[in-house]
Structure formats: structure tokens, C-alpha cells
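This report refers to the structure that appears directly beneath it.
Each reported figure results from applying straightforward, stated rules to the coordinates on display, with no laboratory input. Values in this document were obtained by computation on a predicted structure and should not be read as measured data. Because the Cβ atoms are built from the backbone with ideal geometry, glycine has one as well, and the counts that use them run over all protein chains shown.
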Amino acid sequence: MAFRRFGRSLLYSLPLGITFLDCVGYVARVDGTSMQPALNPVADERDYVFLLRWGIHNNPVERGDIISLISPKDPAQKIIKRVVGMQGDVVSTLGYKHEIVRVPDGHCWVEGDHTGHSLDSNTFGPVAMGLMSARAVAIVWPPERWSLLKNELPRRRRPIQVAKASYYN
Amino acid sequence: MGYTVLSRLRTLARYTIAYACITHCTFEYVGDFVLVSSNGNSAIYAINCVFLLRQCKGPSMEPTLFSDNVLLTERLSKYWRKYQSGDIIIAVSPINASQYICKRIVAVSGEKITTLKPHPLEAESAESTSKQPNEMTMVTDYVPHGCVWIEGDNKGNSSDSRYYGPIPLGLIRSRVVCRIWPLSELTGL
């Protein structure tokens, strides 16, 4: 009897849990050093970030937000980067095949904070916004690093020319 | 009296949430229904939300699929079977993240493709900044790792990989299994 009750509650809570993770957000570990110093400032200590999925498709991200996206090279891998340019922006690249790129429609330009040690848009070019899966809002673990992630973009990495707001409408 | 009403409401809420979650999981992980529509009309979109239909733009698949066809798609077979050329897929449009497209895979990563190089979208983004004109040439190229080359069946009226280049596998949502509406044309694809 207890077993049946357990099965029934599992049948109820499993879809509920999956839906919650899909719609609201989840916690993920950050691997690698590509986002230093914002994330993983010490090489062998891993940060856990809360990734917010709520509203990711309705209100677009802004420049400077840290987002998690499916890697354009390998669909099984998720990467975490900072948005540098939105569609229509003109960005100066660091070692991409064109020195200056206008980000095409529906794409964004993402970069890791740790310039030179990050596999980002400077390698694979602008990424489609459809690959974006969540926005990182806070570091939740370890406790001494508990903080909200700020939307900040180093002055030297700002787009050369920002698309007009009317561009989106 | 008040207690019965409350407990009824609670049961109702419980069942509503349970069914909403089960529907979400099924559509997100097993498969869903897609309506091929000629234009992204918002009034139609509202109706589709009621009938749990996803919408995709479709004049580009004309000889195979027509407007107002409803397709059954699945998302499971990618775990044991890779996408192959010839599959019809639903993907998020690379040039507009809020729109879905329905195309046929022409080549998967590692296969050869004859194409204009650089792709028009890439050329546009480089050209508007650096003033020198980009010459486009027909070349034989390989589809890069983790990407697929998609084209519509209606070659003349289709914006596909010939415009934006190979698309990453992560954009693909599901594979079309069969057409379920209109019933007279119920066929596997």
C-alpha cells in the first residue's frame, strides 16, 4: 500500500519538478575559467549559479547579461558567456575573421570575461538567439560568494555602434 | 459546507496543475503537434495555444507540405538515431528566435555541400562595416561539426541555409513523423 502511494506521489511530483526546472530555473555548476573574474575566480573552486529561465523568450536579454546557451559546436554542451552585442550592433572582434562585424538579425555576440581564454563568438561567430537557454542571476554556492550577478560590460568591450531601439520593432 | 467547497477547489487545482505539467513534459520531451501556416497571425496563434499547436512558417516546403497541414513530430529518436539527410525537421529560426521553421535536412556534419561562400547573411554583416565588396563564389564545402544544412523543398521561395549558412543542431526542436490533418492526406513523411 505504501509502495502504491509512493508511486502515485512520484507520478504527480516528477512532471511537476521537470516543469518547474523548465519554466522557472535551476542551479548549475560552472566549469572552466572562461568567465573569470566574475565566475570561478579561483581555478579549482567551482561556483554554482542560479539560471533563470522564466521570461527568457518574452523579454530579450540586455548587453552585459550573463547567459547560458547551447554550444553551437556541440548540442549536448551548455556554455555560459556574457552578451556583448545584440542584433544590429557593430562590434569590434578579437581575432575573428572579420575585424568589425555587424551582428545579424536574430543573433547576438557573446564573449567570456577572461579574454583570450574563452571559446566564444570570437571563435564561432555570432550565435543564434534560439540557442539561448537561460540567464544567470546569482551565485548560490559556495556561501561566502553568495551574490547577485551584476549586468556590467567593460568599457573597452562595448559595441562600437549600438543598434537603435526602433530596430527591434 | 465551506470546507467541502474549499477541498473541491483544492482537488481541482491539484488536477489542473498535474495535467498541465504532464502536458508540458510530453510536449517538451516526447513530441508535439505543429501547424504549418502561411503567416504568423496573432489571432490564429491564440487559437493554436488552446489546441496546443505550435506554429511554423511553411510556404517553403510547398510540394510536400501545404499551409494548414497539422504535423505530428517527435523529439525522442535523437537519443538513439542521429539526424540524417532527408529528415524533415522543425527548428527555431536562426534569424528570428520567436519563429519556427520547417525544412528538410540536406546534409549533416561532414557531408559535402555546394554553396555560395561567404553566405549572404555573413557577407551582409561584414560588408556594411568594411567597405570593400565581397565577391561570392560557388564552392564545395563541408558542413561543420555540430551543424546541419537545411533547405526547403520549394527552392525558389525559401529562406534557408543557402541564406544563413549551416545551422547548429541545438536549434532543431523535433523531427516530423507524419501529417495528421487533413485526414485524407494522412501520410508518413
How long are the semi-axes of the equivalent ellipsoid of the stretch B:2-188, taking √(5λ) for every eigenvalue λ of the Cα gyration tensor, in whole Å from largest down?
38, 18, 17
Which semi-axis lengths, in whole Å and largest first, follow from the square roots of five times the eigenvalues of the Cα gyration tensor of the stretch A:1-107?
37, 19, 12
About the Cα centre, charge dipole magnitude for the protein assembly as shown (Lys/Arg +1, Asp/Glu -1 at Cβ), debye
1020 debye
Neighbouring partner chain Cβ atoms per residue of B:84-92, average, 10 Å criterion
1
Cα-derived Rg to Rh of the protein assembly as shown, Kirkwood definition:
1.00
Using alpha-carbon coordinates, inclination of helix A:2-23 to the longest axis of chain A, degrees
10 degrees
Neighbour-count ranking [beta-carbon atoms within 10 angstrom, fewest first] of B:Glu122, A:Glu144
A:Glu144, B:Glu122
Suppose every Lys and Arg Cβ carries +1 and every Asp and Glu Cβ carries -1, with no other charges. What dipole size does the stretch A:2-168 come out with about its Cα centre, to the nearest 20 debye?
400 debye
Among A:Lys78/B:Lys117; B:Lys103/B:Lys155; B:Lys82/B:Lys103; A:Lys78/A:Lys150; B:Lys57/B:Lys117; A:Lys81/B:Lys82, the pairs whose Cα-Cα distance exceeds 18 Å are A:Lys78/B:Lys117; A:Lys78/A:Lys150; B:Lys57/B:Lys117; A:Lys81/B:Lys82
Please list 3J(HN,Hα) in residue order for the stretch A:114-127, calculated via the Karplus relation 6.51 cos²θ - 1.76 cosθ + 1.60 where θ = phi - 60°; whole Hz, with x for glycine and proline.
8, 3, x, 10, 9, 8, 9, 4, 5, 9, 9, x, x, 10
Using only alpha carbon pairs under 8 Å that are at least six residues apart, calculate the relative contact order of chain B and give it in whole percent.
22 percent
Between B:Tyr79 and B:Phe27, what is 0.36 nm times their sequence separation minus the Cα-Cα distance? Round to one decimal in nm.
17.1 nm
Residue by residue through B:164-175, how many Cβ atoms from other chains fall within 10 Å of the Cβ on average?
5
Angle check, please: helix B:2-25 long axis (alpha carbons) against the longest principal axis of chain B (alpha carbons), in degrees 0 to 90, nearest 10.
20 degrees
Max mean-square fluctuation residue, GNM over chain B, Cα-Cα springs under 10 Å, options B:Ala97, B:Ala18, B:Ala107:
B:Ala18
Could you tell me which residue out of A:His107, A:Leu153, A:Ser121 lies farthest along the dipole of the stretch A:82-169 toward its positive end? Charges go on the beta carbon: Lys and Arg +1, Asp and Glu -1, centred on the Cα centre.
A:Leu153
